[in-house]
Amino acid sequence: MRYVLVSVVKNEAGNFNNNLRKDIFNKFKIKSSKLPAHFTIKSPFEASNIIELENTLSEFVKKHKSQSYIIKEYDKFDNRVIFMKVFMSKEGKRIHDELIDSLQDISYINFDKYDGKDKVFHVTISSKNIKKNFFELWHYINQFPCDFKCSFDNICIYKWLDNNWILHKEYNF
């Protein structure tokens, strides 16, 4: 089974991202992630049994408290991805890095430069075939103010089922 680990962005910032992605689809016919607004903790991976992961996450959230971060402004990876910039608090980054450390001992979890400790924290807006519409899309998105206070207060496991990401389990700090 295919899984992904994310922290779902909730409240005003999450609603903003989810609605903006729908708006972009309606105006530009550009598809987005099938996940709700989130920042990625571990990109998709394959596993047949995730009991060890579930136990690790369950124990992790018992020992940690939610931490703040800010989403402010937009940025891009070349002309391939447009995203909302995440500025993780010092304590939030520390907890994130401890989480990465606790997950590294699980045999089917392998981090790379894009989803390990040194990742660029971001909440994607558009990343599916946007090159031909990039400048129009970039201009459109930048007309909307983006400034939100958020909480790193959850870790979610989603599984790929019937061509969609389905919430498997949510762990709250």
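The values are calculated or read from the model by the stated rules, or taken from the named source; none is laboratory data. Everything numeric in this text was worked out from a predicted model, so none of it was measured. Methodologically, a virtual Cβ is constructed for each residue, glycine included, from the backbone with ideal geometry; neighbour enumeration extends over all protein chains shown.
Quick look at the numbers
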{"read-out": "Which numbered condition PHE28 fails, given (1) touching a helix residue (DSSP H, G or I) at 6+ places or on another chain (Cβ under 6 Å); (2) over 29 Å from LYS131 (Cα atoms); (3) not acidic (Asp, Glu)", "value": "(2)"}
{"read-out": "Identity of the residue in region 30-85, farther than 21 Å from ILE100 by Cα and of a type in the set (Asp, Glu), that ends up modelled with the lowest pLDDT", "value": "ASP78"}
{"read-out": "Only listed residue being over 13 Å from VAL8 (Cβ atoms), within 15 Å of the chain's Cα centre (by Cα) and in contact (Cβ under 8 Å) with a residue 60 or more places away in the chain, chosen from LYS149, LYS159, LYS128", "value": "LYS159"}
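For every residue, the table says whether it meets (1) aliphatic (A, V, I, L, M); (2) touching a residue at least 60 places away in the same chain (Cβ under 8 Å); (3) crowded, with 18+ Cβ neighbours inside 10 Å.
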{"site": "VAL4", "(1), (2), (3)": "yes, yes, yes"}
{"site": "SER7", "(1), (2), (3)": "no, yes, yes"}
{"site": "LYS10", "(1), (2), (3)": "no, yes, no"}
{"site": "ASN15", "(1), (2), (3)": "no, no, no"}
{"site": "LEU20", "(1), (2), (3)": "yes, yes, yes"}
{"site": "ILE24", "(1), (2), (3)": "yes, yes, yes"}
{"site": "ILE30", "(1), (2), (3)": "yes, yes, yes"}
{"site": "HIS38", "(1), (2), (3)": "no, yes, yes"}
{"site": "LYS42", "(1), (2), (3)": "no, yes, yes"}
